[in-house]
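Enquirer: Please read through the structure below; I'll follow up with questions.
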Amino acid sequence: MQAPDITAPTVNPPVNIATLNVLLRIAMALLVIVGLRVAWYEGRSWAHRKPGQSWWRVLSPGRLFRSDLHTPAGNELRRRAVRTLVLWLFLGLLILLGIGYRNALEAL
């Protein structure tokens, strides 16, 4: 008498690797575009800084999160830069998740 043939069921992933690679390339292109927009808004807000600011206060890493350095027009551009920066971080997180998912699919 022969033992029954027990094999593991094959699982078809919802997205194949080729499609996932295309989606990751599109997301990386969007990441570059959004990053350029962040730099553009930040540069435009730099032109609207209040007079009499010290260089360190204006060049400090937290300058995007301080509204007291800019005029009202510069403050609006600063807020747009912060919102765009949040979008950039979200896209970066999605790319990391996509790369991890692709690696998991390739390991199967």
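Enquirer: Starting with the fewest neighbours, write out Thr84, Thr7, Thr19, Thr71 ranked by other beta-carbon atoms found within 10 Å of each beta-carbon.
Expert: The fewest-first ordering by Cβ neighbours comes to Thr7, Thr19, Thr71, Thr84.
Enquirer: Now for a different question. So what is the relative contact order for the chain, in percent, with contacts set as C-alpha pairs under 8 Å and at least six apart?
Expert: Averaging sequence separation for qualifying contacts and normalising by length gives 36 percent for the chain.
Enquirer: Just to be sure I understand the model, the point goes 7 Å from the Cα along the line to the Cβ. What's the resulting Ile99 to His48 distance in nm?
Expert: 3.5 nm
Enquirer: Convert 10 °C to kelvin, take the viscosity as 1.306 mPa s, use the Kirkwood radius over C-alpha pairs of the range 27-100 as Rh, and evaluate the Stokes-Einstein diffusion coefficient in µm²/s, rounded to a whole number.
Expert: In µm²/s, the coefficient rounds to 122.
Enquirer: Then there is this: Name the residues whose placed amide hydrogens come within less than 5 Å of the amide hydrogen of His70, ignoring near sequence neighbours (fewer than 5 apart) on the same chain.
Expert: Those qualifying (amide H under 5 Å, at least 5 residues apart or on another chain) are Lys50.
Enquirer: How would you rank His48, His70, going from fewest to most other Cβ atoms within 10 Å of each one's own Cβ?
Expert: His48, His70
Enquirer: Also, quick follow-up: Go ahead and set up a Gaussian network model of the chain, Cα springs under 10 Å, then flag whichever of Leu23, Leu64, Leu85 fluctuates most.
Expert: Judging by the Gaussian network model, the answer is Leu23.
Since every read-out is calculated from the coordinates, none of them should be taken as a lab result. Treat the numbers as computed from the prediction; the structure is a model and nothing was measured. FYI the Cβ positions are ideal-geometry reconstructions off the backbone, even for glycines, and counts take in every protein chain you see.
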